[in-house]
Structure formats: C-alpha cells, structure tokens
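In what follows, a single structure is set out as structure tokens and then discussed.
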C-alpha cells in the first residue's frame, strides 16, 4: 500500500519505483522522498522554459514535482542499469519511463541517466540527464 502522504505524487510512481529498485540496499527510506537528505542538491542537465536547472533541498524538490501529474502521467518504467562508481557513494542509474502527456494525449517515452551521490544512506546529490526532445515532442 502506498503512503497517503505521497498520494499527490502518484503520477510519478513508476519513476519512484525504478529508482528505489536501483538504490535498494544503498539508501534508507520506504519512499523516494524519504531517501533524500534535507539539503540535497538536484541538477537537471536539460533546459525547458520555466523549469529550473538546480533545486536545493528535499522540500524544494517536492514542490517542483507537486504539479507533475498536471502535465504528464507515467504508466511504466524499466530497462534499469545500476553502475556503482569507483568513487565511494556514487551510483549511476540508467532507466526508461513511459507515459502520456495530459494535455496532448501523446505518448511519452524517455531515457534517463541519473548520477546519484549518497552519504549516510541518504541522497545528497543528483545529476539528471534525459532526452529533452522526447519530452518536448510529447508536450507539444
């Protein structure tokens, strides 16, 4: 059963699930947001009008993701590859998500590479790379 505290973020459940699978045994927390340190830094290495390239803090990330379901709904995720770095506490996740854009109804399929830094079993850093064109195609 899903934690009702995170029900507003259900459009992202496939993303949360694939990340939690990739970080299993490396972080503490039952939900993606529980694994994030209060002062974590998230960098988004893609550009969309009105979307930040950097967010600092768990609460700020939750605020950013709070409206995700208004624009996009995910229905699946897969193709997970987990690479443990030679640098202690660094993990690279490769994965795909599938869904649909709410406004256009167009299918959405995207590939991601997320470089995750973990300290004391919490995520303290996240650098995200994706196919920006796939997102723009679905949204326009």
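The values are calculated or read from the model by the stated rules, or taken from the named source; none is laboratory data. All values derive from a computational prediction rather than experimental measurement. Neighbour counts run over all protein chains shown; Cβ positions are idealised from the backbone, glycine included.
What to note about this one:
- Residues that are within 15 Å of residue 63 (Cα to Cα) and either in contact with a strand residue (DSSP E or B) (Cβ under 8 Å, 6 or more places away or on another chain) or without any contact (Cβ under 8 Å) to a residue 60 or more places away in the chain (or both), drawn from the range 9-36: 10, 11, 12, 32, 33, 34, 36
- Failed criterion for residue 69 (all others in (1) surrounded by 15 or more Cβ atoms within 10 Å (Cβ to Cβ); (2) at pLDDT 95 or above; (3) in contact with a helix residue (DSSP H, G or I) (Cβ under 8 Å, 6 or more places away or on another chain) hold): (2)
- Number of residues in the range 30-43 that are closer than 17 Å to residue 9 by Cβ, surrounded by 13 or more Cβ atoms within 10 Å (Cβ to Cβ) and out of contact with any helix residue (DSSP H, G or I) (no Cβ under 8 Å at 6 or more places or on another chain) equals 1.
- When 91, 56, 82, 97 are screened for being surrounded by 16 or more Cβ atoms within 10 Å (Cβ to Cβ), over 13 Å from the mean Cα position of the chain (by Cα) and within 18 Å of residue 127 (Cβ to Cβ), only 91 passes.
- Failed condition for residue 5, given (1) modelled with pLDDT of 90 or more; (2) more than 18 Å from residue 134 (Cα to Cα); (3) not in a loop (DSSP other than H, G, I, E, B): (1)
- The range 68-108 - residue that is out of contact with any strand residue (DSSP E or B) (no Cβ under 7 Å at 6 or more places or on another chain) and touching a residue at least 24 places away in the same chain (Cβ under 8 Å) and, of those, nearest to residue 10 (Cα to Cα): 69
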